[in-house]
Each structure stands twice: as structure tokens, then as C-alpha cells.
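Heads up, the thing below is written out as C-alpha cells.
The values are calculated or read from the model by the stated rules, or taken from the named source; none is laboratory data. The model shown is predicted, which means the values in this text are computed figures rather than measured ones. Note that each Cβ is placed from the backbone with ideal geometry, even for glycine, and that neighbours are counted across all protein chains shown.
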Amino acid sequence: MSEPAWPAPPEGRCDLPAVLDTEIAIVGAGIHGAALARELTLRGIACALVDRGEVGGGTSQWSSQLLHGGIRYLLTGDIRQMREGLAERATWSRIAPRRCRWEAFWMPHRSWPEGLAHRLGIGLYDHWGAERPGWPPELRLGGVPPSTFQADPRSAGGPFRGATAYADLMTWDRELTRDLAASSEALRLDFHDVASFEDTAGELHRAVLRDRRDGATRRLSARRWVFALGPWTDGAMAGWFGEDRKRLRLSSGIHLWFDAVPGCERPWAIRRPKGRILFVIPRDGLLQVGTTEREVGDGWVPILEAEREELFDALAANLPAIPWRSLPLRAEELGVRPLVAASGLTTHLSREAVLERHARFGNLTLVLGGKLTTARALMDRLATGLTGRACPTSRTAPLRVWDGQPEGIR
């Protein structure tokens, strides 16, 4: 198994000097690294953001692109995680309105008892998540009127008898990550490989970086280090320090993108066995279909043909009126999520993150696990721990827009 090839760096050269110094160096410019850079800037702390690709160019562009409370946590009983996610959902809507869009998701039911259970559970979800800045008044929650449900082509000929609508927030995660980076004063070292580290007296002191554009070498010194490497953590720690400990397990879900289907206006979230959810979401002029999840072992694998077939079979069983196998498939992707290593099925693992202080290097913190929705809150907590400074404005200060990005959402 091997990772997908990293994209080639852009032409040109980096004008930064060969020797650099900062207070805190962040390795990994995904959602966590970019969020931490913003948190440190809000606290007046100098930092650097290092990545061998571009900002938001790894797993931050392969997620479900939802900022959600985790309605599946109702099934697992993890109410604390759900309520944390709902609170953060409101924060994202406040600080990044250009990258977020509220939607009324439909959860269809197969019978009257299931519909009643949905109404009760979803009612609690929307009650606890009642803070929804910028909620569009035309969107309606609760029971979907029968005539409205039957007008959706996905309802025809299938097992569903109705649906309940609940609120959640859609985003564009790559642009959101870039806006977080743009909202920082971090020294950006994208397209830089970490060749090696130098350490002194049990602390990391300096990283030797190689610019992927022209091969130039730079040396970055820092007092403290944070690795926010996502699924690449274990491989990086083995390569840089010879560590064989497995901190993470990788779980994946596939996303397929079809041409838009007329009449499919609301996103659907369909409950499946073992706590799995089948998403069918109209966005950006296409129809996104996704499901979770399977463990992918120690590295990346392509989407398996059996996995693709299982998804097509699920679509045919649940939404038979849509000719899924005849629709043009515009794109497909494998979203990989790092889960903190533990025994048992990945479907039962917690989505909570761990901030691990390294046993050998006292000035190194590893960000393990985590999810898109709560990345800001986690990095707020880490920045407070690193600096001793809380920052309430993190929850209200609007994000800047990344250079060259449009002012409105797509």
C-alpha cells in the first residue's frame, strides 16, 4: 500500500532566507495546523507553518465537508461530543459565514415507529443546537410534509414513507483551512520537506527543510514544536525518529460525485446498519454520495471495487428510482480519517482527539485524531496550554479570506 503522489510544487522560488527562527513551529498545514496558527496569532505569538504540500492540500480536502454536531452520537449515547460539536458549529457560522451554508438535512424513515423515533431524537439534536447564526428563514425543520417528500425523486419506489428535517452546516473545507492560515501571521513554509531534526538536551531545536521547488535548504529553529500531521503521523515519526509505535488507526469513507439530479434539492442522511450513514448531498452543481467507514491499515489504498459496488447496491436498495449506475461519475475520492489507536471496530472508536506531549522531546506536542468540526476548539485549548493565555475572541473574530479566493461561497 502506498500514499497518493503529492502534487508537484508550483514553478518559481521561495524568497525566504536560509536561516529562520520562530517561537512555535507547526508541522502540518491541514485544518488543525492552520487553526493553531490563527490561535497563536490572536495571542501575539510568532509561529511558522510547515507542509510538504500546500495549505489545506491533504486530508483537509477529502472530508465529508460538513461542520456537524454528529447526529450519529445520539445512537451511541455520546451526548457530550455531540453538544461540543453543536456549539462549534455555531462558532464556525459566526467566524466563517463565507465558507459555510446552513442546510435542512432530511433523514427518511421506513415506518411510523421509526419516524417517531427520528422526530424525538432529531428534536433533541435541534434543541441543543438551537444557536444557528445566519439560519435561512425559508428552511423548515421537523416533519417534512408528505407532498414535499413525494416530490423528491429519491422517495419514489423505495422503502421510505417520510422524512424528518434537521439542521447542519455545510462547508468547503479546503477554503476554510486556507482562510484560517490567512487569518494568522504565520511564517508559511509550504512545499517544504522536513529532511531531519536537530535536538539538544531532550528538546527539538531545529529542523532542516528542503524546498521542493528548487531544492534549497533552510534551517528553522523554534522553542516549541507541534506536529499536526493527521494520517501521516506514524510514518513521519518512524522516518524522523525511528519510532515504531502506532498512535493512530486509519479509517476511510468513499465519496462519489455524480451529475446533479433534477428535483434533489435537500441533502439526505440515511441510517444504515452498524451506525453507518449514507449521505446524498446536492452541492456545487453535482450530487455527492458518501458513506462510512472501513479501516485501511497502515497506509493508503485505492477505492476497492467491492466497496464501490457495496455503495451502488446501497443506493439501489434505498433510492431505486435514480439510475445510479447510468449517471456519469464525475469524481471519486477516498476520505481518510485518523482515529486514536485502540482495539475494536473503527465504527465504535471515539472521534475525540489527544494532545500528546512527546516522552523524549519535552517541547514537542502531537495532535492525534480529531475532526473538522471541533478543530478550532481543540487548537484553542492547545494554544492556551502552550502560552498560558486564553482568547475568547477566537470564537467571534471573523476569518480573513485567502488571497485570490472569492468573497462569497461557491
Candidate set: region 40-58, residues that are touching a strand residue (DSSP E or B) at 6+ places or on another chain (Cβ under 9 Å) and under 15 Å from Ala375 (Cβ atoms); chosen: the one surrounded by the most Cβ atoms within 10 Å (Cβ to Cβ): Leu40
Where Arg245 falls short, out of the listed (1) more than 27 Å from Ile45 (Cα to Cα); (2) in a strand (DSSP E or B); (3) without any contact (Cβ under 8 Å) to a residue 12 or more places away in the chain: (2)
Residue ID - farthest from Leu311 (Cα to Cα), chosen from residues in region 258-279 that are among the small types (Gly, Ala, Ser) and not in a strand (DSSP E or B): Gly263
For Ala353: the one exception among (1) closer than 30 Å to Arg154 by Cβ; (2) in contact with a Gly (Cβ under 9 Å, 6 or more places away or on another chain); (3) at pLDDT 80 or above; (4) not acidic (Asp, Glu): (1)
Leading residue by the ranking (nearest to Glu114 (Cα to Cα)) among those in region 128-158 that are free of Cβ contacts under 8 Å to residues at least 12 places away in the same chain and of a type in the set (Gly, Ala, Ser): Ser147
Looking only at region 356-396, and only at residues there that are in contact with a Leu (Cβ under 7 Å, 6 or more places away or on another chain) and β-branched (Val, Ile, Thr), the one that is modelled with the lowest pLDDT: Thr373
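Residues are listed down the side, and each one gets a yes or a no for (1) of a type in the set (Ser, Thr, Tyr); (2) in contact with a helix residue (DSSP H, G or I) (Cβ under 9 Å, 6 or more places away or on another chain):
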| position | (1), (2) |
| --- | --- |
| His68 | no, yes |
| Thr91 | yes, yes |
| Ile95 | no, yes |
| Arg99 | no, yes |
| Glu103 | no, no |
| Arg110 | no, no |
| Leu120 | no, no |
| Gly123 | no, no |
| Gly134 | no, yes |
Residue count for region 141-159, restricted to those that are surrounded by fewer than 22 Cβ atoms within 10 Å (Cβ to Cβ), in contact with a strand residue (DSSP E or B) (Cβ under 7 Å, 6 or more places away or on another chain) and over 15 Å from Ala104 (Cα atoms): 1
